[in-house]
Amino acid sequence: MLKNYLLVTMRSLLKNGTYSFINIAGLAIGITCSVLILLWVFDELSFDQSHPRADRLYQVWINATFDGKINSWTSLPLPSYEALKTENSNIKNTCVTDWGGDHLFMVGDKRITKRAFYASEEFLEMFQFPLVKGNATTVLDGPTSIVITEGMAKTFFGDTDPINQVIRVDNESDLKVTGVLKDIPKNSSFQFDGLLPWKLNETKDWVKRSMTNWGNNSFQIFMELNNPSNKDLVEKSIRGLIVKKDPSDYKRELFLHPLLKWRLYSDFENGKAVGGRIEFVKMFGLIAIFILIIACINFMNLSTARSERRAREVGIRKSVGSRRHELIFQFIGESLFISSIAFFIAIVLAQLLLPYYNNLVDKKLIIDYASYEFWLFAAGLVFFTGVISGSYPAFYLSSFQPVKVLKGKVQVGKNASMPRKVLVTLQFGFSIFLIIGTIIIYQQIQHAKSRNLGYEQENLITVDYTHEIGNNFRSIKLELLQTGVVKAVTKSNSPITDIWSNNFLGWPGKPETEKVIFTTIATEYDYTKTMGIKILEGRDFSEEFKSDSMAILVNKSAMDLMQLKNPLGEKLDLWGKKRELIGIVDNVLMGDPFQPVKPMFIVLDSGWAGAVTIRLEKTKDLPASLKKVESVFKKYSPAYPFEYVFADQKFAKKFNDINMTSRLATLFAVLAIIITGLGLFGLAAFAAEQRTKEIGIRKVMGASVSSLVGLMSKDFSRLVILAFLISSPIAWWLLNNHLQQYKYRVEIAWWVFPVTGLVALLFALAIVSTQAFRAAHANPATSLRND
């Protein structure tokens, strides 16, 4: 029986080559899309799953009320690291780290810059990154120890055993290798090539001062529980720790954020988790399902439309004793066979497209053919597409009555027309929705990119601050200005494209209960000149005024908040001291490009620096200018490679996630339309075939080609218009809700909807009219010969 079914299936596929191609091609493209999307989805879902104790690990967060709402962040006071260990018996351990950063590693003449964390000795005991060499409980105990990855060990030492080898870090400290880790997987929230001992970090003056300072939120603290079911009890016991230790401070409450939610649930609103990247995962997961369903709809439509060709076969099989469930099994089996062919074609396509797709999503995704999970997924996908695609045609075809079909009295095309219309409408509705969504996302990106930045990005570069640069900053600045290619130089606690510090500020008339966080910029002279920031009132810091060491600048957003009538000369409260307001600057977009600019203040503090910013003179030979700048840095900081980043390139990275969303949405919208177009082509060809005699009679009666084309296109046009009327309001509602997460957002333009509907209609007409023209130009004598 199976052999007979297979033989019939192969004959049917070969006999109807065009329709077989459309079915298989549509399913193959749909499965390819689904496989690529789901590779990305599974990678996102796999983040941090490899830690053996993942379910017991948490990061300690703070909830604090200011700016009229509850704000959540991950930076904590350093004393809470030790205090938390004894706060509850359910706490097994805590560890502390800095925020990670690039460090210079040197062995002999070899020097590389790699990312590393300062981490306390409990870090590897808790997170259990696999060690190739060394003991997790002791490798970070000493102040001169270092743990490196296999990749770094290979770079520096080749095949030599790296244990006890010495690596010089930041041209300051000689550290001995005590452990070697396997390279960190890409799906880990921690990305680093080295771990530096926390005890070494404690030798720094600012860290020493922080050890007893409950008001300095500058550190990451992680916690391991004995049992994850005790999370609520632990949270309750630690919630008021900071207030208890420092009752004079503003109210800050601690809570725990599980490791397994770091990647996907990192957005908090008013103290509660409201999502994060999980929204992208859900969205693309749904897109994968819908694209697959669109491909399945093609199969169902063409199968039912051409069911007249199979009607006599069903009648004969039933007349010789075949039962309905056997026919259902046969037709679903055919569908599974076709979906199997389509799946293997799709896997070949996915493998070929994977390098380009990885560039698109900035990942290194692979199809793991050795994994049993892959083959389970493959079997499930083939079964799903086969059953979904073949179920309706199978039940429909198997319902034919043999007496009627053998007499030729069954009008199967007419009976199947309504389900086909519904399915085609669904296809176009989803395609229209994807097109509208793609346009709106693109507009949102362009809206944010076109914002007034408040500074000039052109020819602005940033160099990471190092102790060698700090020791020679004045000389470096002077020599850079003397090169003739540099217009201005400054240093600051953060680059112009990032916010690394926030603090409270007081002003005359501020209500005692009001707490407002201000973006904090600590800098040297020439900050506004270098950045190209406009001074709206007053003046900038100047070496001519010695009192400027206790002066302060604020931005326009801060002035809108403080509502000072005569602001210049007012005394503002900062860190327990009074500072004179000497100038007001324009708003500078340093943070999230989709959010309003926060209140900001700028103070002089030459000892607090994290970046050097250089404005280059305009030139046609930028490489030559950079060479001159490099020569100055090489002179005063020879150990470090000269590395820089342009401000516009760094700013563009803020759009990485939404750009990826836009690119993927565009790609899959196009593919969804292609799949829909394939199905529509098949249906139009079949409709033209079914109406051959009708068209012949109309031509004999004098009908023009244009009227015949219009007649055939009318039904499909109605379906596209109906799809547009259904999907447009749904698209508006969903996209409007999506845009609510952005404070700075585009308004959805009304013209997007009619333009999208018109494009979809023209696309459908272009496909249908090709078949309509062919039928309309056919010789009526040929089609009417038998009548």
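Could you please state, rounded to a whole Å, how far the C-alpha centre of the range 177-208 is from the C-alpha centre of the range 35-53?
Going from one Cα centre to the other spans 24 Å.
As a test of reading the structure, rank ARG579, ARG252 by solvent-accessible area (1.4 Å probe, protein chains only), most first.
Descending accessible area places them as ARG579, ARG252.
Could you pull out every one of the lysines with an alpha carbon less than 23 Å from that of LYS578, ignoring same-chain neighbours closer than 8 positions?
Leaving aside lysines fewer than 8 places away in the same chain, those within reach of LYS578 are LYS510, LYS515, LYS546, LYS556, LYS565, LYS598.
What number comes out for the charge environment of SER237, summing +1 per Lys or Arg and -1 per Asp or Glu over other residues with Cβ under 15 Å away?
Net charge in that neighbourhood comes out at +3.
Between ASP573 and ASP715, what's the calculated FRET efficiency when r is the beta-carbon distance and R0 is 51 Å? Round to 0.05.
Between ASP573 and ASP715 the formula returns 0.10.
In nm, to one decimal, how far is the modelled label at LYS529 from the one at ILE70, with both set 7 Å along Cα→Cβ?
Between LYS529 and ILE70, the simple spin-label model gives 4.8 nm.
May I ask you to list the chymotrypsin sites (Phe, Trp or Tyr not before Pro) in the range 349-386 that are in a DSSP loop and have at most 13 other Cβ atoms within 10 Å of their Cβ?
The qualifying sites are TYR369.
Under a plain spin-label model, where a point goes 7 Å from the Cα along Cα-to-Cβ, how far apart in nm are GLN595 and LYS653?
Placing both labels 7 Å along Cα→Cβ, they lie 1.8 nm apart.
Roll a 1.4 Å probe over the protein heavy atoms and report the accessible area of LEU286 in Å², nearest 10.
100
Protein chains only, probe 1.4 Å: how do LYS231, LYS204 rank by accessible area, largest first?
Heavy-atom accessible area, descending, gives LYS204, LYS231.
In the neighborhood of ASN493, defined by Cβ-to-Cβ distances under 13 Å, what is the net charge if each Lys or Arg adds +1 and each Asp or Glu adds -1?
-3
For the range 200-265, taking Cα atoms only, what is the radius of gyration to one decimal and the Dmax to the nearest whole Å?
Rg, Dmax (Cα atoms, Å): 14.5, 40.
For the peptides 233-239, 207-213, what is the packing order when you average, over each peptide's residues, the other Cβ atoms within 10 Å and list the highest mean first?
233-239, 207-213
With the crude spin-label approximation of a point 7 Å out along Cα→Cβ, what separation in nm comes out for ASP362 versus GLU82?
4.0
Provide the solvent-accessible area of PHE428, counting protein heavy atoms only and rolling a 1.4 Å probe, rounded to the nearest 10 Å².
Answer for PHE428: close to 10 Å² accessible.
If Lys and Arg each add +1 and Asp and Glu each add -1, what is the summed charge of the other residues whose beta carbon sits under 14 Å from the beta carbon of ILE366?
0
What does the extension gain come out to for ARG111 and VAL422, with contour length at 0.36 nm per residue minus their alpha carbon separation?
That pair, ARG111 and VAL422, stretches by 105.4 nm at full extension.
Below 27 Å, Cα to Cα, which lysines can LYS620 reach? Residues fewer than 8 away in the same chain don't count.
Those lysines meeting the cut-off are LYS449, LYS477, LYS487, LYS491, LYS529, LYS534, LYS628, LYS634, LYS635, LYS650, LYS653.
Would any residue of the range 590-616 have its amide N under 11 Å from a label point 7 Å out along Cα→Cβ of TYR744? List them or say none.
590-598
If a/c stays under 1.5 just call it rounded; otherwise compare a/b with b/c (prolate if a/b is bigger, oblate if not). Do that for the range 109-239, with a ≥ b ≥ c from the square roots of the Cα gyration tensor eigenvalues.
Here the range 109-239 falls in the oblate category.
Please give the contour-minus-distance gain from ASN503 to LEU622: 0.36 nm per residue of separation, less the Cα-Cα distance, rounded to one decimal in nm.
My answer for the length gained is 39.0 nm.
Working out 0.36 nm times the residue gap between LEU286 and MET550, then minus their Cα-Cα distance, what length gain in nm do you get to one decimal?
Extra length available between LEU286 and MET550 comes to 89.4 nm.
Determine how large the accessible area of SER549 is when every protein chain is in place; take a 1.4 Å probe and give Å² rounded to the nearest 10.
70
The values are calculated or read from the model by the stated rules, or taken from the named source; none is laboratory data. As the structure is a prediction and not an experimental result, all values here were calculated from the model. Neighbour counts are summed over all protein chains in view; Cβ atoms, including those assigned to glycine, are modelled from backbone coordinates with ideal geometry. To get the accessible areas, we keep the full protein, side chains included, count just its heavy atoms, and leave off ligands, DNA and RNA. Shrake-Rupley method; radii C 1.70, N 1.55, O 1.52, S 1.80 Å.
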